[in-house]
Amino acid sequence: MKNKRSKDPIGLGFALTGVMTALKTEFNMRIHLIIMIVVILSGILFHISVLEWLFVMLAIGFVLALELVNTVIELLTDELFKEEHETAKNIKDISAAAVLVAAIFAAIVGVIIFLPKVIYILN
Ligand SMILES: Nc1ncnc2c1ncn2[C@@H]1O[C@H](COP(=O)(O)OP(=O)(O)OP(=O)(O)O)[C@@H](O)[C@H]1O
């Protein structure tokens, strides 16, 4: 374990493995990734400004990072609580709520940035 770590002092390889594991095991993670690709392609298509890119990237990064943390919390909860437990329920529900809050913020950012551009094109 220690030898492997010394070959990757920053831990980038382990982090990328973590992203791949989350993508393989978490359906929501794959949905977030697809949405991220669609939003980035839309940003290129609509020539959004640097400031708009900053908000889009912040929103995407926030949702993806929280989804990863939520996945860890789910794994830990499943290990700690093998049976039905109210605390396990609360932990998972609140953790999922954190992702939901970030996703709602991201959706609002998306609507503010892209809706006027879509309306302009449709008119
Ligand atoms: N050990 C438990 N005790 C009580 N309630 C639980 C327990 N595990 C899960 N739950 C409830 O079931 C819901 C769904 O949990 P489940 O484990 O099926 O999915 P998840 O791991 O939260 O999410 P995902 O579908 O992304 O893996 C949780 O949000 C929680 O309300």
Problem - Kirkwood estimate for region 38-99, i.e. one over the average of 1/r between Cα atoms, Å - result: 13.6
Exercise for the section: State, as an integer percentage, the relative contact order of region 26-122 based on alpha-carbon contacts under 8 Å between residues 6 or more apart. Expected result: 36
Fill in the blank from the handout: Partner aspartates and glutamates whose C-alpha sits under 20 Å from that of residue 24, ignoring same-chain residues fewer than 8 away, are 67, 74, 78, 79
Practice task
Within 10 Å, count the other beta carbons around each residue, average over each peptide in 88-95, 65-72, and list them highest first.
Solution key: 65-72, 88-95
Problem - Sites matching chymotrypsin sites (Phe, Trp or Tyr not before Pro) across region 1-98 that sit in DSSP coil, with at most 16 neighbouring C-beta atoms within 10 Å - result: 46, 81
Completion exercise
Scattering profile of the chain from the Debye formula, Cα beads only, expressed as log10 I(q)/I(0) at q = 0.15 Å⁻¹, is -0.83
Completion exercise
Sorted largest first, the C-alpha extents of region 72-123 along its principal axes in whole angstrom are 57, 16, 12
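What value, in deg cm²/dmol to 500, does the helix sum -39500 (n - 2.57) over DSSP H runs of n ≥ 4 give at 222 nm once divided by the residues of the chain?
Numbers: 5 runs with 107 residues, N = 123.
So the calculated ellipticity at 222 nm is -30000 deg cm²/dmol.
Coordinate-derived values only; no laboratory data. Being a predicted model, the structure only gives us computed values, none of them experimental. Using ideal geometry, Cβ is built from the backbone for each residue, glycine included, and neighbour counts are taken over all protein chains shown.
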